[in-house]
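J.: Structure below; questions to follow.
The values are calculated or read from the model by the stated rules, or taken from the named source; none is laboratory data. None of the values given here were measured: they were computed from a predicted structure. Cβ sites come from the backbone with ideal geometry, for glycine too, and all protein chains shown count toward neighbours. Heavy atoms of the whole protein, side chains included, go into the accessibility calculation; ligands, DNA and RNA do not. Shrake-Rupley method; radii C 1.70, N 1.55, O 1.52, S 1.80 Å.
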Amino acid sequence: MASVTQQQIQKFHKDGFLVLEHFFSAEECDSMRSRIQKIVAEMEVPPHCRTEFSTREEEQLQAQGSSDYFLTSGDKIRFFFEKGVLDEKGNFLIPKEKSVSKIGHALHAYDPVFKQITHSPKVQELGRKLGLERPVIVQSMYIFKQPGIGGEVTPHQDATFLHTEPLGRILGFWIALEDATQENGCLWFIPGSHTNGITRRMVRAASGASTCVEFVGSEPAYDDEQFIPLPISKGGLILIHGEVVHKSELNSSESSRHVFTFHVMEAKGTTWSKENWLQPTPELPFPSLYT
């Protein structure tokens, strides 16, 4: 992997994203894929996915179970499923390795393969080139984007979900473990859209509320014409500014689009919002990138 140039870093600041082809080797990508295969093979379906729907009350309990499962996933390795892949008893209607939507949110902390990738010397060097002084890892996810059912991700800014004061302290690292194409759901961006702040925040709901999180503000209607697709080949890395607007379409192809992604926060002079769904825990304070 060639070293990142100052010119590329300037381009990142101008566009709000940067494509670095072949940042990781095919071997590194394959090691993450085979590791995740093993994790999925050993996966137990969480109980809240297995309860049979009967009464309204049980449905609410199930929703509560799902929300607790999500809210407390920041320091664990947990499984999230595509819609319609489980029957009402929680049995798989399709092979389970084809049913998982994503696994999160602490692979970087608890799995040796993903930990090694996240803290790899080239990632640390890139952090230093970007001028990050005290970067910490806040979350990681393995995203499957399953063939035919991998859902669309509507236009959003990562800072909606990972809010900091001041803004501009969140950076996403998005690694293609297979070629990402327009057919299988590559990312689309609005260049330069990271300079206008954010219009929407996802916050923890008051305890006792029917949902675990709620949105404050609203997402503006974006013009489809403004988005440009960023297809990228296996091993490529896309750097994503926390406020750049991006999306991905439904995967309508026959091939999956596996990705490992993690978010880094510049902790120096930064406050992590207490209202974010994701919170550091005594078990897992946000680990430093530079270790």
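J.: Using the Kirkwood radius over Cα pairs, work out the Stokes-Einstein diffusion coefficient for the chain at 20 °C and 1.002 mPa s, in µm²/s as a whole number.
T.: For the chosen part, D equals 109 µm²/s.
J.: Okay, moving on. Please state, rounded to one decimal and in Å, the Kirkwood hydrodynamic radius that segment 186-291 gives when every pair of distinct Cα atoms enters the mean of 1/r.
T.: Final number for the Kirkwood radius of segment 186-291 is 17.1 Å.
J.: Can I ask one more? State the percentage of accessible surface on the chain attributable to carbon and sulfur atoms; use a 1.4 Å probe and exclude ligands, DNA and RNA.
T.: Its accessible area is 53 percent carbon and sulfur atoms.
J.: How big is D for segment 16-91, in µm² s⁻¹ as a whole number, if Stokes-Einstein is applied with the Kirkwood radius of its Cα pairs at 10 °C and 1.306 mPa s?
T.: Roughly 103 µm²/s, to the nearest whole number.
J.: Here's another thing I want to ask about it. Please give the net charge around Gly208, taking every other residue with its beta carbon less than 14 angstrom from that of Gly208, where Lys and Arg add +1 and Asp and Glu add -1.
T.: -1
J.: Excluding His108 itself, calculate the net charge of residues whose Cβ lies under 13 Å from the Cβ of His108, where each Lys or Arg counts +1 and each Asp or Glu counts -1.
T.: +1
J.: What longest region of the chain stays clear of GluC sites (Glu not before Pro) that DSSP places outside H, G, I, E and B and that have at most 16 other Cβ atoms within 10 Å?
T.: 184-253
J.: Tell me the per residue accessible area of the chain using a 1.4 Å probe; a whole number in Å² is fine.
T.: Solvent-accessible surface per residue comes out at 47 Å².
J.: Residue separation times 0.36 nm, minus the C-alpha to C-alpha distance between Glu283 and Ala205: what's the value?
T.: Between Glu283 and Ala205, full extension yields 25.8 nm more.
J.: Before anything else, pin down the relative contact order of the chain: Cα pairs under 8 Å, at least 6 apart, normalised by residue count, whole percent.
T.: Answer for the chain is 29 percent.
J.: Can you give the helix-only mean residue ellipticity at 222 nm for the chain, where every DSSP H stretch with n ≥ 4 adds -39500 (n - 2.57) and the sum goes over all residues, rounded to the nearest 500 deg cm²/dmol?
T.: Counting only the DSSP helices, I get -6500 deg cm²/dmol.
J.: Could you tell me the distance between the Cα centroids of segment 12-82 and segment 194-262, to the nearest Å?
T.: Centre-to-centre (Cα) distance: 16 Å.
J.: Run the reach check for Lys274 against lysines, Cα to Cα strictly under 29 Å, same-chain hits fewer than 8 apart removed. What comes back?
T.: Partners found: Lys76, Lys102, Lys115, Lys247.
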